[in-house]
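One structure is given here, and the rest of the page talks about it.
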Amino acid sequence: MDFALIGGTGVENLTLNRRTARTVDTPYGSVAIETGKLGNTDLVFLKRHGDKHTVPPHLINYRGNIWALKQMGVKKILATGAVGSISTDFRIGDIVLVDQFLDFTKNRPLTFFDGGELGVLHVDVTEPYCPVLRQKIVLSAETLGLNIKNGGVYVCTEGPRFETPAEIRMYSMMGGHLVGMTGIPEVVLARELGMCYTTIALVTNEAAGISKKPLTHGEVIATMNMLGENVAKLVENTSRTLDREQICYCPTSNKEAGLF
Ligand code: HPA
């Protein structure tokens, strides 16, 4: 299996044809995945928050998930993520291919390279989201006549609470555009194992303080339901255009560790 979709909030209901559910054992615990066809493409589908959305962002087994995909032979990962908007450049309902991140997580395993058996790796994240994969998604959106935005700075918070307006003002001053809770360390772990990774960020709400009313998870779900169909089309169309070759920097990113 060369390709995977990591479905975040609201993208959990996507159904694959000829779907098979299975468990993959990893050094970080066992991981539930599905395999099947999206359109004509075989792919692995991983629900980030579990089957029934029961795993909060700070307790997701990020290392297990990414290791399981590597074990399955996955080379390219499309991941969706709900985000709040910090900037007026991004509106509710926008689909955004983020190109940079600011990491404000606090208490998550960050790396596969903890100095033990795997050693130490200072992986390069100059371009954290694979530019070649992003370009494929852009072209696919054009084919479908879907309006998407290419570029934006993703701020990852620890959650599971939403932010204070003061935090959002700070993120804005630091250059953040969108805020979510699950993008880190997923993108970094994929890079550490040499896989291409791209986040399709779905703007579900205005961030705290930009919106004058309290934030609810219900609001996030309602917008996701609205976006679900277009996201499924985008992923399906993009996956049809993917080839298994990686003509980017991603597969050699971990060569200093000499492992893969
Ligand atoms: N903040 C953090 N995570 C989110 C938000 C938000 O406003 N919306 C969707 N995920």
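FYI, it's all coordinate maths here, none of it is from the lab. This one's a predicted model, so the numbers in the text were calculated from it and none came from an experiment. Every residue, glycine among them, receives a Cβ derived from its backbone with ideal geometry; neighbour counts consider all protein chains shown.
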Within 30 Å of residue 213 (Cβ to Cβ) and buried (at least 16 other Cβ atoms within 10 Å of the Cβ), is that true of residue 97? yes
Failed item, numbered, when residue 187 is tested on (1) under 18 Å from residue 220 (Cα atoms); (2) in contact with a Pro (Cβ under 8 Å, 6 or more places away or on another chain): (1)
Of the residues that make up the stretch 150-162, is at least one assigned to a loop (DSSP other than H, G, I, E, B), aromatic (Phe, Trp, Tyr) and within 13 Å of the ligand (Cβ to nearest atom)? yes
Does any residue in the stretch 224-249 that is under 30 Å from residue 204 (Cα atoms) come within less than 7 Å, Cβ to Cβ, of a residue that is surrounded by 14 or more Cβ atoms within 10 Å (Cβ to Cβ) and among the basic types (Lys, Arg) six or more places away or on a different chain, and which pairs are these? 238/136; 241/136; 242/76; 242/136
All but one of (1) within 12 Å of the ligand (Cβ to nearest atom); (2) crowded, with 24+ Cβ neighbours inside 10 Å; (3) part of a helix (DSSP H, G or I); (4) of a type in the set (Ser, Thr, Tyr) hold for residue 238; state the number of the condition that does not hold. (1)
Within the stretch 75-101, take every residue that is among the small types (Gly, Ala, Ser) and in a loop (DSSP other than H, G, I, E, B) and give me the one that is nearest to residue 148 (Cα to Cα). 93
Can you spot a residue in the stretch 158-180 that is under 14 Å from the mean Cα position of the chain (by Cα) and surrounded by fewer than 23 Cβ atoms within 10 Å (Cβ to Cβ)? no
